[in-house]
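Heads up, the thing below is written out as structure tokens.
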Amino acid sequence: MTVRTRLAPSPTGYLHIGSLRTALYCYLWAHHNKWKYIIRIEDTDRTRLVEGAVDAIIDMHDILNLTPDESVRHGWLYGPYVQSERLELYAPRLHKLCEEGNGYYCFCTSERLTELRQEQEELKLPPGYDGHCRHMPLEESREKIANGEKYTIRLKVPKNETLVFNDLIRGRIEFNTNQLDDTVLLKSDGIFPTYHWAVVIDDNLMEISHVMRWEEWISSMPIQILTARALGITLPHYAHLPNVLGADGKKLSKRTGDVSVSEYIKKWYLPEALLNFLSLLGWHPGHDEEIMSMQEMIAQFEITDIHKSGAVLDPIKLDWMNGEYIKRLDPGELHARVAKHLEQYEIEFYTHIFSQKNYDFNHRIIKELQTRMKRFDEFIELTTCLYGEAGTRTDLLVNTKMKIESIEDAITSLRFAIPILETTDFTSLDTLKTPFIGAIIEAWKKNGQVLWPMRVALSGEEFSPGAFELAYILGREESLKRIQKVIDIYS
Ligand code: GLU
């Protein structure tokens, strides 16, 4: 089977995280079958266009490395298919539909349609077109058109018929045509098709074999089935994907979490971690190993393993998965990615702080944080005490759990640490740590008794890397300076 899939976004805003999951599933299925993933921009609803939305869709695909396998020429450039650049394909075939009796010209003005809707509302009737122009003879319609009257073209929906289609995830779904309206297929400008017409024409012309899209599009199936029947064409296979839900069990919204893909990129989830995480929002590969490379996902992906019920986007799991990916990166690669991300999103921090330090200092910090960092927006938070002055939370020095009952106890411990730090070898974390621990044991002290006040003095923060990591990153001179400063405050 030749598998061709498409993402068909309308450029009406940012790229939604759920749409990225759709894109990923389309990409996985196409590549699983060694064939093509395509993007088609559906921009026929001109009132909802948002500037920059197409660029955002393309940029996100680039960043995530989901390159479409087919592109078309737009003037000088190549890019996705764009419906507004293919307008000549839609209207002519619609006139034929009217001649064949499967569609008709409708001359109802928008005033009439508004009145009709108001009347229906008052009488508590379901809204819908009343078929006013449905039986107008073709000759009469042609005359009106020749006289310059404006028209739309509607699909002539048959009455009392049951339509059936087989969804690859949900199985058999039936509709009764009595619930349907004679849907508009060509707008009153005589050029632009509506979504239903353009989608059926394009899926056919572009030989799309499988359509994957949000479950809310199930309701558009009967019109698309009838449209295809009128055209005498076969529809693709359909898989309507489960919704992506927020923590409240409702469709993910800004209230319950980030929805825009660019927000996730900004927090710097690694693209490979984000895609791996999204792949599991609805798909169960039949084993419990959750970390999967793109190659593994492609090899294992089956549409029939996608479940029907909505999938909750759990940010804690995403953080965990991202942390796992961070841990597995080569430290040099991690360093390069941190630097790139900071340069792109945290310009201030990058130019004034990060790039002012030498490579080794930055590298030591990054290596220390490698097992601790879940997201990159945590980088600045976790490193403030390392890049700048120590924080000011010396009130944390006393800690009865660590057997530091008073400030005097804390100062005694800090005084104990000074000569050790003056003489130990700072070349690696181990050369620093081993003799230090030896000295603590020799002095009959407990680790926490020395390391707690030392950590507080070095960081001045409630949460930070451990005392040895801090000392190692800061170096001998800065560590001694920070400890002495605390001693001076209390002496
Ligand atoms: N243009 C539709 C959207 O914005 C696509 C629906 C479909 O995939 O058929 O989601």
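The values are calculated or read from the model by the stated rules, or taken from the named source; none is laboratory data. The structure presented is a predicted model; accordingly, all values stated were derived computationally and were not measured. Neighbour counts are summed over all protein chains in view; Cβ atoms, including those assigned to glycine, are modelled from backbone coordinates with ideal geometry. With ligands, DNA and RNA removed, areas are computed over all heavy atoms of the protein, side chains included. Shrake-Rupley method; radii C 1.70, N 1.55, O 1.52, S 1.80 Å.
How would Arg134, Arg364, Arg48, Arg154 line up by accessible area, probe 1.4 Å, largest first?
Descending order: Arg48, Arg364, Arg134, Arg154.
Among bridges DSSP assigns within the range 210-369, what percent are antiparallel (round to 5)?
Working: 2 of 9 bridges.
About 20 percent, rounded to the nearest 5.
Using all Cα-Cα distances in the range 394-489, what percent lands in each 5 angstrom bin from 0 up to the longest?
Taking all Cα pairs of the range 394-489, the binned fractions are 2, 15, 28, 28, 19, 7, 1 percent.
Please report, in Å, the Rg and the Dmax of the range 329-382, where both are computed over Cα atoms only.
Rg then Dmax for the range 329-382, in Å: 10.2, 26.
Going by accessible area, probe 1.4 Å, with all protein chains left in place, what is the ranking of Trp217, Trp29, Trp444, largest first?
Trp444, Trp217, Trp29
With θ set to phi - 60°, apply the Karplus curve 6.51 cos²θ - 1.76 cosθ + 1.60 along the range 344-351 and write out the HN-Hα couplings as whole Hz, x wherever there is a Gly or Pro.
With the stated coefficients, the range 344-351 comes to 7, 10, 10, 3, 3, 4, 5, 6 Hz.
Once the whole set of protein chains is in place, how much accessible area is left on Leu470, using a 1.4 Å probe, in Å² to the nearest 10?
0 Å²
Using DSSP to define loop residues, name the GluC sites (Glu not before Pro) in the range 346-392 whose beta-carbon has at most 13 other beta-carbon atoms within 10 Å.
Glu389
When a/c reaches 1.5 or more, the comparison of a/b and b/c decides; with that in mind, is the range 182-225 rounded, prolate or oblate per its Cα gyration tensor? All intermediate terms of the calculation are to be shown ahead of the outcome.
Working: a/c = 2.48, a/b = 1.39, b/c = 1.79.
In terms of gyration-tensor shape, oblate.
Quick one: dipole size for the chain, taken about the Cα centre, charges +1 on Lys/Arg Cβ and -1 on Asp/Glu Cβ, in debye to the nearest 20.
For this selection, approximately 380 debye.
Is the shape of the range 44-167 best called rounded, prolate or oblate, per the rule: a/c under 1.5 gives rounded, else a/b larger than b/c gives prolate, else oblate, with a ≥ b ≥ c the square roots of the Cα gyration tensor eigenvalues?
Prolate is the answer for the range 44-167, as a/c is 1.5 or above and a/b outweighs b/c.
For Lys250, which aspartates and glutamates qualify as cross-link partners when the Cα separation must be under 15 Å and same-chain residues fewer than eight apart are set aside?
Excluding near neighbours in sequence, the set is Glu215, Glu216, Asp258, Asp314.
Decide, for the range 88-241, between rounded, prolate and oblate: order the square roots of the alpha carbon gyration tensor eigenvalues as a ≥ b ≥ c, take rounded if a/c falls under 1.5, and otherwise choose prolate if a/b is larger than b/c, else oblate.
Note, shape of the range 88-241 comes out oblate.
What percent do you get for the relative contact order of the chain when only Cα pairs under 8 Å and 6+ apart count?
Across the chain, relative contact order equals 12 percent.
Please list the non-local residues whose amide H lies under 5 Å from the amide H of Val312, H modeled 1.01 Å from N, same-chain partners needing a gap of 5 or more.
Residues meeting the criterion, in which the H sits 1.01 Å from N, are Leu245.
For the range 32-110, run through the GluC sites (Glu not before Pro) and keep only the ones in DSSP coil with at most 13 other Cβ atoms within 10 Å of their Cβ.
Listed in order of number, the matching sites are Glu51, Glu100.
Check the chain for me: any Cys whose beta-carbon has no other cysteine beta-carbon within less than 4.7 Å?
Cys26, Cys98, Cys108, Cys385, each lacking another Cys Cβ under 4.7 Å.
Rank these by accessible area, largest first, 1.4 Å probe: Ser279, Ser406, Ser219.
Ser219, Ser406, Ser279
How big is the antiparallel share of DSSP beta bridges in the chain, given as a percent to the nearest 5?
55 percent
Using DSSP, restrict attention to beta bridges with both residues in the range 1-105 and report what percent are antiparallel, rounded to the nearest 5.
Working: 3 of 9 bridges.
In the range 1-105, DSSP labels about 35 percent of beta bridges as antiparallel.
Where the Cα atoms of the range 15-92 are projected onto their three principal axes, how long is each span, largest first, in whole Å?
36, 25, 24
Quick one: give the max-minus-min coordinate of the C-alpha atoms of the range 309-357 along each principal axis, largest first, in Å.
50, 24, 13
In square angstrom, rounded to the nearest 10, how much accessible surface does Thr431 have for a 1.4 Å probe?
The accessible area of Thr431 comes to roughly 50 Å².
Rounded to the nearest 10 Å², what accessible area does Ile63 have for a 1.4 Å probe in the complete protein model?
Accessible area of Ile63: about 70 Å².
Would you pull out the residues with amide H under 5 Å of Tyr238's amide H, same chain only if 5 or more places away, H placed 1.01 Å from N?
Leu168, Val211
What list of ³J(HN,Hα) couplings, whole Hz, do you get for the range 274-285 from phi and the Karplus terms 6.51, -1.76, 1.60, once you set θ to phi - 60° and write x for glycine and proline?
Per-residue couplings from phi come out as 4, 5, 4, 4, 5, 4, 8, 7, x, 10, 10, x Hz.
Based solely on its DSSP helices, what 222 nm [θ] is calculated for the chain when runs of n ≥ 4 H residues each add -39,500 (n - 2.57) and the sum is averaged over all residues, nearest 500 deg cm²/dmol?
My calculation for the chain gives -14500 deg cm²/dmol from helical runs alone.
If I model the chain as equal point scatterers sitting on the Cα atoms and use the Debye formula, what is log10 I(q)/I(0) at q = 0.09 Å⁻¹?
So the normalised log intensities are -0.77.
Under a 5 Å amide H to amide H cut-off, with H placed in plane at 1.01 Å, what residues pair with Trp214 once short-range neighbours are removed?
When sequence neighbours closer than 5 places are left aside, the close amide H contacts are Leu241.
Please list, in order along the range 88-105, the HN-Hα scalar couplings obtained from phi with the Karplus expression 6.51 cos²θ - 1.76 cosθ + 1.60 (θ = phi - 60°), rounded to whole Hz, x for Gly and Pro.
5, 8, 9, 5, x, 5, 6, 5, 5, 4, 5, 4, 7, x, 9, x, 8, 7
Only loop residues by DSSP count here, and only those with at most 12 other Cβ atoms within 10 Å; note down the GluC sites (Glu not before Pro) in the range 437-490 that meet that.
Hits after loop and neighbour filter: Glu462.
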